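Visitor: My questions will all concern the structure given below.
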Amino acid sequence: MTKEKPKYGFMSNTLFAVSTLWHCDRSILFYIFGNVPVILLLPLCSVYLPKVIVSAIEDSKAPMYMVTGVLFITLSMLILSVLQQFIAARMELHHQKVMSYMKATVSKKAMNVSYEVIDRPSTQVMFKKVFEMIQNGEEEGLQAMPILFATLLGNILGFTVYTGILSTLNPLITVLIIASTFITFFVNKAINKWVFKNRDNWLKLDVKLAYLTYKSGSFDCAKDIRLYHMKQWFGDVFKKFMAKRIKWTVTMQGLYYLGNGVEALFVLLRDGFAYGYLIYLIWKNTISVADFVLYFGIISGFSSWCMEIIKSFSKANKINFNLCDIRSYLELQEDTTSTYENKIRTSTLDETAASCVASNPMPCQIELENVSYCYEGEDTPTLKNINLLIKPGEKIAVVGANGAGKTTFVKLVCGLYTPTTGTVKVNDCNSTAYDKQTYYNLFAPVFQDVRLLPMSIVKNITLCDQDQVDEARLLECLSLSGMDEVVAKLPDGLDTLLVRDINEKAIQLSGGEQQKLMLARALYKNAPIMILDEPTAALDPIAENAMYLKYNELTAHTTSIFISHRLASTRFCDRIILIENGEIVEIGSHEELLALGQKYAKMFEIQAQYYKEQEEEDEHEESIC
Ligand SMILES: Nc1ncnc2c1ncn2[C@@H]1O[C@H](COP(=O)(O)OP(=O)(O)OP(=O)(O)O)[C@@H](O)[C@H]1O
């Protein structure tokens, strides 16, 4: 993601940072720039204070003169310090505010981004990187840019004032300080460049390490870790990645040490020469002791102004890259309208799509024309040239070996993936012409991987507030899904909380119970297309059989796509499609495919054989009893 050349210019990123901060918390900008006088005046006061004292003693001035001067400067310093503390405290609060705002923005983005994009490992790395920048906003994120400007302004003003004072001494000293500072800057710049070029390497490792840390303590892996002795694996992999991570850290630290060493060396040479020159001047009586004290302070202050200015430029580069990353993340393709070429085209198509749904809301027709899909980074497409017309209300079963492409097929139909080539049409309208939310509303899927939310059972099913729940529909869905029996056993019934990681009082549903809950959620959604991806995989035979018997009722008024490895379950579907290596190789009703005597028939024969053997075994056991 981060290339040698930033995606956006410095000015463009500065405008972005300022306008975003202005939008989320404009007062932070006033505090940031309110710090400029403090940056300039506080060091100036501390340089002038000893000069005033020494000068008063040297010139035998009246005590009042010295007291007034000292009082004025110390009072100014006190006011500036109080102001500095106040600004720092206020900034702390406002950084929190900006961080919360940005975290909410980034999380919202993650939820809006198209499924295809969030599915990519590169997006996960990007998300982590951006989240870290936001967490440390004053150093790396949005606030860093105006802070840099304010600091730079303060430093340039300080540099100008000190240059003016130093020019009365010897311009060579000024040139020497600037030159040595430049050398250290370029060394540090080269180091930072290396860091930016390589940081994706350790960020990828950080993602892996975070995954391992999370999974080793998470409930969903707890069983496997214990029963399959995964502790060893976790430990080994953690060690392996940690060793690589440490290697990067050591290399980086080594480079930073080198930079610091070069800097220290040049500071020594520069200050040694400058102070030596001052001692020479005082020895020659060319300057007074008071001036010596002043120049002494000015020289060390001047080099730090130079260094800060130069560091600001180097830091600006880093912040510029960071802002590029944040902007690139915020510009990731969203689900809503970003897939379309322009707004006008989108709105026209949206109207067409809306009319398609409105004219024929339930059930829907689905048509796939020459659809192929290739995952990012893969050479060959997972689905190839799929042509299929699913009539309104038709019940389709999708079968095939593991990895054949069944889930990819339903994800394409659902609009989670966009075909690499070809089109998916619902009610004669291209899926990309719909507003994404309208399109998602057409589907009620039950996927293989169950994800419950830390809320009550009723909310997990209806996904709405209590007062908006359609009680009659809820009861019907509970009964159809078999969830009513589960709920009846729970003391808190539908109000029972789920997900133990978050809710202490939550219960743990079994795999089959979770699957029933997911089915109830899909039914409650009442969408025109039902997608059931292995919905009975975790159900007991009675529950599975009950679901098959109710299948027509479950999918009444809907077009349905049912994925299953149990071919007995496909008999009540109107048509079966058999996918092999991403292609539809057979299509027809159960009887038609059996009559065809090809792959489906063979697969069915193998499964039927198993069931027959099972039945014979059961009969044998019964006769013995
Ligand atoms: N996000 C992904 N990125 C890259 N490849 C993927 C991704 N998801 C799935 N695949 C690959 O696509 C192929 C088809 O996967 P898919 O999940 O569609 O198969 P399936 O028929 O549903 O399998 P199963 O019966 O095991 O559920 C597999 O080879 C899988 O490795």
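Visitor: Taking every DSSP beta bridge that has both residues in the chain, what percent is antiparallel when rounded to the nearest 5? Don't skip to the end; give the middle numbers.
Guide: Details: 19 of 37 bridges.
Among the beta bridges of the chain, antiparallel pairing accounts for roughly 50 percent.
Visitor: Treat each spin label as a single point 7 Å out from the Cα along the C-beta direction, and report the F219 to R473 distance in nm.
Guide: About 2.9 nm, to one decimal.
Visitor: Let's see if you can work this out: charge +1 on each Lys and Arg Cβ, -1 on each Asp and Glu Cβ, no other charges. What is the dipole magnitude of the stretch 235-313 about its Cα centre, in debye to the nearest 20?
Guide: Numbers: 8 positive and 5 negative charges, 122 e Å.
With Lys and Arg at +1 and Asp and Glu at -1, about 580 debye.
Visitor: Which one of S569, Y551, Q508 is farthest out on the positive end of the charge dipole of the stretch 497-572, using unit charges on Cβ (Lys, Arg +1; Asp, Glu -1) and the Cα centre as origin?
Guide: Y551
Visitor: Put a dot 7 Å past each Cα toward the Cβ at A595 and I57; how far apart are the dots in nm?
Guide: 11.5
Visitor: While we're looking at this one, here's another question. So if R0 is 51 Å, what FRET efficiency would L227 and C464 give, r being the distance between their Cβ atoms, rounded to the nearest 0.05? Don't jump to the answer; show the numbers that get you there.
Guide: On the way: r = 39 Å, r/R0 = 0.77.
The formula returns an efficiency of 0.85 here.
Visitor: Helix 230-283 against the longest principal axis of the chain: what's the angle in degrees, Cα atoms only, rounded to the nearest 10?
Guide: 20
Visitor: For the ranges 123-132, 262-271, what's the packing order if you count other beta-carbon atoms within 10 Å of each residue, average per peptide, and put the highest first? Kindly include the intermediate steps, with their values, before the conclusion.
Guide: Details: 123-132: 18.3, 262-271: 15.9.
Highest to lowest by the protection proxy: 123-132, 262-271.
Visitor: What is the gain in length, in nm to one decimal, between Y257 and W194 on full extension, counting 0.36 nm per residue of separation less the C-alpha to C-alpha distance? Working shown, then result.
Guide: On the way: separation 63, 0.36 × 63 = 22.68 nm, distance 1.41 nm.
Going from the current span to full extension adds 21.3 nm.
Visitor: If you place +1 on the Cβ of every Lys and Arg, -1 on the Cβ of every Asp and Glu, and leave all else neutral, what size is the dipole of the chain about its Cα centre, to the nearest 20 Debye?
Guide: Values: 60 positive and 68 negative charges, 755 e Å.
Charge dipole, the chain, about its Cα centre: 3620 debye, nearest 20.
Visitor: Quickly work out the F30-to-V237 label distance, labels modelled 7 Å from Cα along the C-beta direction, and quote it in nm with one decimal.
Guide: 5.2
Visitor: Just need the Rg to Rh number for the stretch 456-508, please, alpha carbons only, Kirkwood Rh.
Guide: Details: Rg = 11.2 Å, Rh = 11.6 Å.
Rounded to two decimals, Rg/Rh equals 0.97.
Visitor: Hey, another quick one. Between I606 and T68, what FRET efficiency follows from the Cβ-Cβ distance if R0 is 60 Å, with the result rounded to 0.05?
Guide: On the way: r = 104 Å, r/R0 = 1.73.
With a Förster radius of 60 Å, E is 0.05.
Visitor: A further question on this structure: Contact order normalised by length for the stretch 443-599, with contacts defined as Cα pairs under 8 Å and 6 or more residues apart; what percent is it?
Guide: Values: 209 pairs, mean separation 37.8, N = 157.
With pairs under 8 Å counted, the relative contact order is 24 percent.
Visitor: For every helix of n ≥ 4 consecutive DSSP H residues, a contribution of -39,500 (n - 2.57) applies; sum these over the chain, divide by its total residues, and give [θ] at 222 nm rounded to the nearest 500 deg cm²/dmol.
Guide: Working: 23 runs with 411 residues, N = 625.
Value at 222 nm, helices only: -22000 deg cm²/dmol.
Visitor: Continuing with this model, one more query. What net charge do the residues around A538 carry, taking every other residue with its C-beta under 10 Å from that of A538, with Lys and Arg at +1 and Asp and Glu at -1? Don't jump to the answer; show the numbers that get you there.
Guide: Working: positive: K516; negative: E513, E534, D540, E544.
Result for the local shell: -3.
FYI, it's all coordinate maths here, none of it is from the lab. Please read all numbers here as calculations on a predicted model, not as lab measurements. For neighbour counting, all protein chains shown are included, and Cβ atoms are generated from backbone atoms with ideal geometry for every residue, glycine included.
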